[in-house]
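Novice: First, the structure itself, so that you have it in front of you.
The values are calculated or read from the model by the stated rules, or taken from the named source; none is laboratory data. None of the values given here were measured: they were computed from a predicted structure. So basically every Cβ, Gly included, is an ideal-geometry build from the backbone, and we count neighbours across all protein chains shown. Heads up: the accessible areas ignore ligands, DNA and RNA and are worked out on the full protein's heavy atoms, side chains in. Shrake-Rupley method; radii C 1.70, N 1.55, O 1.52, S 1.80 Å.
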Amino acid sequence: MPTNIRYFAILILIWPYLSAWSQEPSTRPNIIIFMTDDQGYADVGFNGNDKIITPELDQLAAHSMVFDRCYTAPVCSPTRAGLLTGRYPTRAGVFYWGHALRPQEQTMAEILKKEGYQTAFFGKWHLGSIRKDQPTNPGAQGFDTWYAAANFYENDPWMSHNGQPVHLQGESSMVTVDLAMEYINEASKRDAPFLVFIWTGAPHIPHEASDELKSLYPGEPDDMKNYMGEITGIDRSIGALKSGLEKLKIDKETVLWFSSDNGGRLPHANNGHLRSHKGTLYEGGIRVPAFMYWPGHIDPGTTEVPVSTIDLLPTVLDIAGISSSVLEHPVDGMNMMPAVRSRTDQRENPLGFWVYPEIKGHSVRSDQIISDYNDILQGKGDRNTINDGLLNLPEQDYSGLDHYPYSGTSVWIDGQWKLIQTAEGYELYNLEEDPSESNNLAESEKSQKNRMKKALRKWQKSVVASIKGQDYE
């Protein structure tokens, strides 16, 4: 029998098996990254708040791995940049809020898209442009579908749908989840798994809960009714998300990450026993409520191992079965799955934080920007009246780093030890014995302080090198 006929005959015999294999649903899980905006460590029932109404989050946390020491940047844009890239946000050029993520960074969405995932983004972007033609919009960073707000947003928000402004109606968090569920309903019909980001605009100021949500807190002053109502709105939206996944029968095939983007903003937020608030490098500014939910795959519990939102990228690669060889640049994050599986309480890689005051943030008023942009697209607006820089955030000027490269406030966390460098000097805390950071040990534990000072300075030097582009050479 001629060779080509023999191959054809073999193909006919095995075709039914090949066909069945090609149609078999992917064993790679779906992944949802759900992040709130300025929610404090204790702004959930599962972290000890008996006044806040968060039954959905509390129930999810009871069936999840809760990360009691989950760290973020002290403000929003850096946290978002670190989560997407697995790199310290300072290394990626995002020192403060309102900074664009550099186009040359490699994101989680870009990686998973290349590996066959469907990718979508819903909610607060705050890492660059919401215009279709700009290199810092969500689509340019790997998301096939996106409804993006330029910054925080309230009820009835404006968003940019793949670059086209749309005015939505409804409670802010539920609107966001409804958009995501509409997408998930369609994405779940396809063979490929999906990666979905849901980043709410709540409970960021100004707090504007619906009347029904405010009515749940009759004993609170009006400002707290709005704040706490927004958190319960988040809770209801994540409950709707969970119910939607169960209805589609994909809840056991879906990993759900939940966290805030930074510590709570006072006076409304509740950071529990933690010191200080959003914008600082004390625990109240960088430690947030967080858990990972994957029914049937992750045993419920709580871990004290320090983790960070920069750890999500290597963790997602592990979950999705993707080799780290796909990474184009060095990452700082740690795969969290070994800690989840073996319940280890140690972290191999210390965590660094750096607030650099000479590089300021760009103010971004989301609804105004997108509605003005819509007027321009409709031929109704004067282009000279809108700040185009806020639609396409410029890259930062880092030339000053050559003159004062280590100013500002920085932190090095190594296990239970935390070193803080400020303009006044150094502070050292043992977080295991003193989680509220009330006893400065910088003088009594000088050898520990000096060891950590050297490690902090070495890390800062590597960050400056990255900012200057040496990671891309």
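Novice: Residues of segment 190-226 being modelled with pLDDT under 95 and in contact with a Pro (Cβ under 8 Å, 6 or more places away or on another chain), which ones?
Specialist: D191
Novice: Given (1) in contact with a Pro (Cβ under 7 Å, 6 or more places away or on another chain); (2) closer than 16 Å to G139 by Cβ; (3) in contact (Cβ under 8 Å) with a residue 60 or more places away in the chain, identify the lone condition not met by G82.
Specialist: Every condition holds for G82 apart from (2).
Novice: Looking at (1) at negative phi; (2) at pLDDT 95 or above, which one does G123 not meet, given that it meets all the others?
Specialist: Here G123 clears every test but (1).
Novice: Show the residue pairs meeting these rules: Cβ distance below 6 Å; 6+ apart or different chains; first residue within segment 56-67 and in contact (Cβ under 8 Å) with a residue 24 or more places away in the chain and closer than 14 Å to F34 by Cα; second residue open to solvent by less than 60 Å² (accessible area, probe 1.4 Å) and in a helix (DSSP H, G or I).
Specialist: Qualifying pairs under 6 Å: E56/D235; E56/I238; E56/G239; L57/D235; A61/F46.
Novice: Those residues that are surrounded by 23 or more Cβ atoms within 10 Å (Cβ to Cβ) and under 13 Å from N450 (Cα atoms), I need them from segment 404-417; list them, please.
Specialist: Matches in segment 404-417: W412 only.
Novice: Filter segment 74-101 down to residues that are modelled with pLDDT under 90, open to solvent by 10 Å² or more (accessible area, probe 1.4 Å) and over 18 Å from S129 (Cα atoms), then give me how many there are.
Specialist: Number of matching residues: 1.
Novice: Right, another one. Taking the residues in segment 213-223 that are in a loop (DSSP other than H, G, I, E, B) and not small (G, A, S) as candidates, determine which candidate is surrounded by the fewest Cβ atoms within 10 Å (Cβ to Cβ).
Specialist: This residue is P218.
Novice: Does segment 24-67 hold any residues that are open to solvent by 10 Å² or more (accessible area, probe 1.4 Å), within 18 Å of A269 (Cβ to Cβ) and among the polar types (S, T, N, Q), and which are they?
Specialist: If the condition is that a residue be open to solvent by 10 Å² or more (accessible area, probe 1.4 Å), within 18 Å of A269 (Cβ to Cβ) and among the polar types (S, T, N, Q), then N47, N49 are the ones that fit.
Condition check ((1) under 14 Å from Q39 (Cβ atoms); (2) open to solvent by less than 30 Å² (accessible area, probe 1.4 Å); (3) in contact with an Asp or Glu (Cβ under 7 Å, 6 or more places away or on another chain); (4) among the hydrophobic types (A, V, I, L, M, F, W, C)) across all residues:
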site: K225; (1), (2), (3), (4): no, no, no, no
site: M228; (1), (2), (3), (4): yes, yes, yes, yes
site: I234; (1), (2), (3), (4): yes, yes, no, yes
site: K249; (1), (2), (3), (4): no, no, no, no
site: S276; (1), (2), (3), (4): no, no, no, no
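Novice: Mind checking which residues of segment 170-212 are small (G, A, S), closer than 27 Å to V364 by Cα and assigned to a helix (DSSP H, G or I)?
Specialist: S172, S173, A180
Novice: I would also like to ask the following. Checking I310 against (1) over 21 Å from W417 (Cα atoms); (2) modelled with pLDDT of 90 or more; (3) in a helix (DSSP H, G or I); (4) of a type in the set (A, V, I, L, M, F, W, C), which single condition isn't satisfied?
Specialist: (1)
Novice: Could you give every pair whose Cβ atoms fall below 8 Å, whose first residue belongs to segment 131-143 and is under 16 Å from S77 (Cβ atoms) and of a type in the set (G, A, S), and whose second residue is modelled with pLDDT of 95 or more and outside any helix (DSSP H, G or I), counting only separations of at least 6 or pairs across chains?
Specialist: Nothing qualifies.
Novice: May I pose another question? Pick from G301, G296: which is open to solvent by 30 Å² or more (accessible area, probe 1.4 Å), small (G, A, S) and either farther than 16 Å from R80 by Cα or out of contact with any Gly (no Cβ under 6 Å at 6 or more places or on another chain) (or both)? Show your work before the answer.
Specialist: On the way: G301 fails: open to solvent by 30 Å² or more (accessible area, probe 1.4 Å).
So the residue among G301, G296 that is open to solvent by 30 Å² or more (accessible area, probe 1.4 Å), small (G, A, S) and either farther than 16 Å from R80 by Cα or out of contact with any Gly (no Cβ under 6 Å at 6 or more places or on another chain) (or both) is G296.
Novice: Tell me which of these L216 doesn't satisfy, since it passes every other one: (1) of a type in the set (A, V, I, L, M); (2) closer than 13 Å to D43 by Cα; (3) in contact with a helix residue (DSSP H, G or I) (Cβ under 7 Å, 6 or more places away or on another chain).
Specialist: (2)
Novice: Please work out which residue is surrounded by the most Cβ atoms within 10 Å (Cβ to Cβ), limiting yourself to segment 118-150 and to residues that are hydrophobic (A, V, I, L, M, F, W, C) and over 19 Å from L168 (Cα atoms).
Specialist: Per the stated criteria, the residue is L127.
Novice: Please name all residue pairs, on different chains or six or more residues apart, with Cβ atoms under 7 Å, provided the first residue is in segment 296-309 and is small (G, A, S) and the second residue is open to solvent by 20 Å² or more (accessible area, probe 1.4 Å).
Specialist: That search, which allows pairs on different chains as well, returns G296/K252; G301/R343.
Novice: If you take the residues in segment 180-212 that are among the acidic types (D, E) and over 15 Å from F152 (Cα atoms), which one is nearest to the chain's Cα centre (by Cα)? Walk me through it before giving the result.
Specialist: Going residue by residue through segment 180-212, those that are among the acidic types (D, E) are 182, 186, 191, 208, 211-212.
Applying the additional criterion that residues be over 15 Å from F152 (Cα atoms) yields 182, 186, 191, 211-212.
Working: E182: 21, E186: 24, D191: 26, D211: 29, E212: 29 Å.
Once the filter is applied, the top-ranked residue is E182.
Novice: Could you say whether any residue in segment 243-252 is at pLDDT 95 or above and within 20 Å of the chain's Cα centre (by Cα)?
Specialist: Pass one, segment 243-252, residues at pLDDT 95 or above: 243-252.
After this cut, where a residue has to be within 20 Å of the chain's Cα centre (by Cα) as well, the list is none.
Looking through segment 243-252, none of the residues is at pLDDT 95 or above and within 20 Å of the chain's Cα centre (by Cα).
Novice: Now, a different point. When you go through G285, G279 one by one, which is the residue that is under 30 Å from Y429 (Cα atoms), part of a helix (DSSP H, G or I) and under 18 Å from the mean Cα position of the chain (by Cα)?
Specialist: Checking each option against the conditions leaves just G285.
Novice: Restricting attention to segment 304-315, does a residue exist that is over 26 Å from K113 (Cβ atoms) and open to solvent by 10 Å² or more (accessible area, probe 1.4 Å)?
Specialist: yes
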